[in-house]
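**Q** The structure under discussion is supplied below as structure tokens; questions concerning it will follow.
The values are calculated or read from the model by the stated rules, or taken from the named source; none is laboratory data. Please read all numbers here as calculations on a predicted model, not as lab measurements. Using ideal geometry, Cβ is built from the backbone for each residue, glycine included, and neighbour counts are taken over all protein chains shown. For the accessible areas, the whole protein counts, side chains as well, though only heavy atoms, and no ligand, DNA or RNA atoms are used. Shrake-Rupley method; radii C 1.70, N 1.55, O 1.52, S 1.80 Å.
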Amino acid sequence: MDFEAELAKFQPSLDIEQAEDAIYGNNTTDVTDLLQSILTGAKVGSENNTVEWVEES
């Protein structure tokens, strides 16, 4: 088997490319975003002696 020839013929599956677009284009809130939001709120809240939770929709 000629691996170089096989690699030259390789083309990624369209399904994989569509999945990559969906994954990388997804703008979801993850744990890091939540922690940053909480810490920012706590920092602002400490100046006013209040902490407020805000849900983003």
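**Q** For Ile38, what accessible area in Å² do you get when you roll a 1.4 Å probe over the heavy atoms of the protein chains, rounding to the nearest 10?
**A** About 70 Å², ignoring ligands and nucleic acids.
**Q** Let me check I've understood the local charge: for Ser13, count other residues with C-beta under 14 angstrom from its C-beta, Lys and Arg +1, Asp and Glu -1. What total comes out?
**A** -3
**Q** What's the extension gain from Asp15 to Leu35 if we count 0.36 nm per residue and subtract their Cα-Cα distance? Write down the numbers at each step before the final one.
**A** Details: separation 20, 0.36 × 20 = 7.20 nm, distance 3.37 nm.
Value of the extension gain: 3.8 nm.
**Q** What full-extension length gain, to one decimal in nm, is calculated for Met1 and Lys43 as 0.36 nm per residue of separation minus the Cα-Cα distance?
**A** 8.8 nm
**Q** Let me ask something else about it. Leaving ligands and nucleic acids out of the surface, order Glu55, Glu6 by accessible area at 1.4 Å, largest first.
**A** Largest accessible area first, the residues go Glu55, Glu6.
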